[in-house]
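All remarks here apply to the structure that follows.
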Amino acid sequence: MYPRISRIMNLAYLNLVPSLNLNPFSIATLFYEPSTRTRLSFESAMKCLGGEVLTTENAREFSSAAKGETLEDSIRTVEGYSDIIVMRHFESGAARRAAMTANIPVINDGDGPGQHPSQALLDVYTIEREIANMDGIKVALVGDLANGRTVRSLAYLLAKYNDVKIYFVSPEVVKMKEDIEEYLTLKGVEWEESADLKELASKCDVVYQTRIQKEHFGERSDLYEEAHGKYIIDRDVLGVMQKHAIVMHPLPRLDEITVDVDGDPRAAYFRQAKNGLYIRMALLKLLLVGW
Amino acid sequence: MYPRISRIMNLAYLNLVPSLNLNPFSIATLFYEPSTRTRLSFESAMKCLGGEVLTTENAREFSSAAKGETLEDSIRTVEGYSDIIVMRHFESGAARRAAMTANIPVINDGDGPGQHPSQALLDVYTIEREIANMDGIKVALVGDLANGRTVRSLAYLLAKYNDVKIYFVSPEVVKMKEDIEEYLTLKGVEWEESADLKELASKCDVVYQTRIQKEHFGERSDLYEEAHGKYIIDRDVLGVMQKHAIVMHPLPRLDEITVDVDGDPRAAYFRQAKNGLYIRMALLKLLLVGW
Amino acid sequence: MYPRISRIMNLAYLNLVPSLNLNPFSIATLFYEPSTRTRLSFESAMKCLGGEVLTTENAREFSSAAKGETLEDSIRTVEGYSDIIVMRHFESGAARRAAMTANIPVINDGDGPGQHPSQALLDVYTIEREIANMDGIKVALVGDLANGRTVRSLAYLLAKYNDVKIYFVSPEVVKMKEDIEEYLTLKGVEWEESADLKELASKCDVVYQTRIQKEHFGERSDLYEEAHGKYIIDRDVLGVMQKHAIVMHPLPRLDEITVDVDGDPRAAYFRQAKNGLYIRMALLKLLLVGW
């Protein structure tokens, strides 16, 4: 009944034995940007494994960063108190800088508009559990593809499977950036842009919606308003989707998926969020004690 | 000497055996409003029982709520990572909404001017320990009865005992609301309003003082100033109280109880705050493993 | 490889056996000012010893202090939920007030421009490990000696050793205050002021740099700018230092030590930060179970 039960079932799936005990290992979560899912699921993951957590909920204002300390100096300090650093930062490349400085593993939990690799791992895990087979799937990535780090990381990871086809559906102002498109082409992954969400919904296995990120529009709220309402997943879109297909979303969502979609079995986004716990347990186990 | 000792004594009183171990259960504390006592006592309670805690100290600004996520979506996520959600929110009814969404227990730790039921439990526990008998007691509720959620919840709970008499003492602008008065009348509980704090102090078993909540007055700081100094518990008021009677306060207090009262044995408010730990341990045990 | 290994080595040095288990003791960290090192190292220390931690990352804005509760009332509450209070505050003397109120130990983790005694303990521990012998050493304290609480506490502690000589090197506007100078004179410790950092660097065993604290200059940013760049430790200064000498810094640093110094074996500041963990483990053990 309690999530604990389903957790244990998932641990079996992920080849984690419940008796594994990471005590006395500890992780430090350094969050320079707001988060609910990522921080809490990492902390829960470590605690489920018996390890300890040092938390910084608001590192931007309430750590020595507020006094002007460089990220590198903060990392050199925190690595003395923990075994893994789990970091979210508002600047693209920040995690890479931290990893180059640290003598312990650094997990990038989102670096501005850069990447969010642990999210991509849980996304692929969700697709595998929901659809069974990754090879040959058709995935529509929808919404803010320019600033959405999760779709960027997911596109990278999808490129590792066979015969995947990716569709980009986004307002002109937040189109997928060229670096990802070039990477996909290089890897021989078929991709195309489309403006017809409904047509795609009828033929894709996964419709992956994302939030238009208002914070990246600055004073151009007119552009935000225009982009914001353009591609909405509602009962109409759901109506044309295949029976086995799923709707995903990294969350948080505003109104880009209407709440009347939530009750449909193809609405996979809350199951997707729960999968974050298991994937992050697996990731911590991998880094701390090997596979 | 250390509080640990008295904790164990209280556990016996509450029928909690120290060997109880809630590992690997975890609670998530979601605080959308400032708190010291409530959050720390819940977290301490869970840790004393061997369980784990996921903390969000400032959910309003530093969770996905800051990006516009609905409370319901946040709850659907957090329930995947913990076994109980302990929530304080700035809106009346928020806890009820969360509980209707969640598949795990949600504890309301204060919802705006609504209710604060775990505080009422510890208040009754304090009265029982200090006065011995609940039936037939006379209780004066003093201060901000309109916005004070603790007195609202306490009035509800007092209605379950026999022959209780309740007095409301408050500035006109923050009078007890009709919903509570009607509930008491319906349950056959005697209550009356009074403006004579000293007369009541001389005959009541419990004088329960509360803070006038400046934050609810907005720009009408003149009304706040008028309400603020009206009913103060000082050595004069204490002087007329009976030997067995007690002064309670949910804390924090400003100057509505003068500090020269603190040293009197009838000043029960810091013992009351400590009781929060034991009641919350009992509550967590009840929800997670039964009674 | 992981810091855990070196931690265990240091525990032996500090006479802490890894099997020591402080469960079910807990500490509460109350931070009214930003911190990275101090809070995380105390929390890590307690967790390494098997104990529990209650965290308040931002007590100034997100505890009942925001509603006007006095420090004394907050302390009387928190002491009911934990066994030690670890506190940083923005006012000099705040820790003393807390300690006079509390029935449990209070550790001062920095009180405004007052003192920072646990930092001084780790500083002396660092000097002992790096230089071997405390007696007869020459120490240059550099930078913001008026507002820097770490150098104030360190000067006190150095006075307990024999034949120590202390040099003060600071811009006129942030000179060491008279209370410390008088204390050193009273204890028979030789000290003098100097403006020649390079000459001192060539003869001292320890050059202890500190950050000019911009937050204490208010609107006089011209004074800050003047003070700020005056005494910098760079490759030039390092070049004249003796082979066995070390550069220390309580961190965070801005540019008062240039980053090209970091790679030199005499740059001891990140080792110094790591030592905070061991000293704080020793301190917690001492207070909770004796030596």
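The values are calculated or read from the model by the stated rules, or taken from the named source; none is laboratory data. Keep in mind it's a predicted model, so treat the numbers as computed, not measured. With ideal geometry, Cβ positions are generated from the backbone for all residues, glycine too; neighbour counts draw on all protein chains shown. Accessible surface areas use protein heavy atoms only, side chains included; no ligands, DNA or RNA. Shrake-Rupley method; radii C 1.70, N 1.55, O 1.52, S 1.80 Å.
Across the range C:82-96, rounded Karplus estimates of 3J(HN,Hα) from the backbone phi angles (6.51 cos²θ - 1.76 cosθ + 1.60, θ = phi - 60°) give 8, 9, 9, 10, 10, 10, 10, 9, 8, 10, 4, x, 4, 5, 4 Hz, Gly and Pro being marked x.
Of the trypsin sites (Lys or Arg not before Pro) found in the range C:152-237, the ones in coil according to DSSP and having at most 15 other Cβ atoms within 10 Å of their Cβ are C:Lys160, C:Lys175, C:Lys177, C:Lys187, C:Arg220. Pairs of Cα atoms nearer than 8 Å and 6+ residues apart set the relative contact order; for chain C it is 16 percent. Taking every Cα-Cα distance in the range B:141-291 and sorting them into 5 Å bins from zero, the calculated P(r) comes out as 2, 9, 17, 20, 20, 16, 10, 4, 2, 0, 0 percent.
Counting only alpha carbon atoms, the long axis of helix A:269-289 and the longest principal axis of chain A meet at about 40°.
Counting from the shortest, the label point at C:Gly263, 7 Å from Cα toward Cβ, is 6.5, 6.5 nm from the same position in each remaining copy. About its Cα centre, chain B has a charge dipole of approximately 1080 debye under the convention of +1 per Lys or Arg Cβ and -1 per Asp or Glu Cβ, with nothing else charged. Under the definition of Cα pairs under 8 Å and six or more residues apart, what whole-number percent is the relative contact order of the range C:92-248? Worked out over the range C:92-248, it gives 22 percent. Between helix C:149-158 and chain C there is an angle of about 80 degrees, using the helix long axis and the longest principal axis of the Cα atoms.
Springs join every pair of Cα atoms under 10 Å in this Gaussian network model of chain A, and among A:Ser26, A:Ser221, A:Ser170 the largest mean-square fluctuation is at A:Ser221. Annotation: amide H-H contacts under 5 Å for B:Asp83 (H modelled 1.01 Å from N, sequence separation of 5 or more, or interchain): B:Ser26, B:Ile27, B:Ala28.
A simple rule links phi to the HN-Hα coupling: the Karplus curve 6.51 cos²θ - 1.76 cosθ + 1.60 with θ = phi - 60°, which for the range C:70-75 gives 6, 4, 4, 5, 4, 5 Hz, with x for Gly and Pro.
With Rh defined as the Kirkwood radius, the inverse of the mean 1/r over Cα pairs, the Rg/Rh of the range A:81-148 is 1.08. Residues whose amide H falls under 5 Å from that of B:Ala267, counting only those 5 or more places apart or on a different chain, are B:Val247, with hydrogens built in the peptide plane. Residues whose amide H lies under 5 Å from that of C:Gly112, counting only those 5 or more places away or on a different chain, are C:His89, C:Phe90, C:Glu91; hydrogens are built 1.01 Å from N in the peptide plane.
Please give the FRET efficiency for B:Asp135 paired with C:Ile131, using the beta carbon to beta carbon distance and R0 = 51 Å, rounded to the nearest 0.05. Given R0 = 51 Å and the Cβ-Cβ separation, E is 0.10. Converting phi to 3J(HN,Hα) with the Karplus coefficients 6.51, -1.76 and 1.60 and the offset θ = phi - 60°, the range B:36-42 yields 10, 4, 5, 5, 5, 6, 5 Hz in sequence order, with x at every glycine or proline. Cα convex hull, the range C:43-200: 146 Å³ per residue, rounded to a whole number.
A simple count of charges around B:Gln242, restricted to other residues whose Cβ falls under 11 Å of its Cβ and scoring Lys, Arg +1 and Asp, Glu -1, yields +3. The radius of gyration of the Cα set in chain C, together with its Dmax, comes out at 19.3, 54 angstrom.
Given a cut-off of 18 Å, name the pairs among B:Lys243/B:Lys274; A:Lys67/C:Lys198; B:Lys177/B:Lys203; B:Lys198/B:Lys274; C:Lys177/C:Lys198; B:Lys160/B:Lys187 whose C-alpha atoms lie farther apart than that in the structure shown. Going by Cα-Cα distance, B:Lys243/B:Lys274; A:Lys67/C:Lys198; B:Lys177/B:Lys203; B:Lys198/B:Lys274; C:Lys177/C:Lys198 fall outside the 18 Å limit. Take each residue of peptide C:26-36, count the partner chain Cβ atoms within 10 Å of its Cβ, and average: the result is 4. When B:Arg235 is represented by a point 7 angstrom out along its Cα-to-C-beta vector, the spacings to that point in the other copies are 7.1, 7.2 nm, nearest first. Inter-label distance, A:Tyr183 to A:Asp163: 2.5 nm, where each label sits 7 Å from its Cα along the C-beta direction. If you average over every viewing direction, what projected area does the convex hull of the Cα atoms of the protein assembly as shown give, in nm²? The directionally averaged projection comes out at 39.5 nm². Summarised as an ellipsoid, the range B:243-291 has semi-axes of 29, 12, 7 Å, derived from the eigenvalues of the Cα gyration tensor scaled by 5 and square-rooted, with the largest first.
If you take the Cα centroid of the range B:96-124 and the Cα centroid of the range C:151-222, the two points sit 54 Å apart.
Spin-label model, A:Val240/A:Ser92: points 7 Å from Cα along the beta carbon direction are separated by 3.2 nm. Mean residue ellipticity, 222 nm, helices only, chain B: the sum of -39500 (n - 2.57) across DSSP H runs of n ≥ 4, divided by residue count and rounded to 500, is -12000 deg cm²/dmol. What base-10 log of the normalised intensity I(q)/I(0) is obtained for the range A:196-266 from the Debye formula, alpha carbons as equal point scatterers, at q = 0.13, 0.18, 0.19, 0.27 Å⁻¹? Debye curve over Cα of the range A:196-266, log10 I(q)/I(0) at q = 0.13, 0.18, 0.19, 0.27 Å⁻¹: -0.39, -0.70, -0.76, -1.26. Each residue was assigned an accessible area with a 1.4 Å probe, and for C:His89 the value is about 10 Å².
The accessible surface of the range A:86-164, taken with every protein chain in place and a 1.4 Å probe, is 44 percent carbon and sulfur.
Give me the angle, in degrees from 0 to 90, between the Cα long axis of helix C:117-131 and the longest principal axis of the Cα atoms of chain C, rounded to the nearest 10. Roughly 50 degrees, rounded to the nearest 10.
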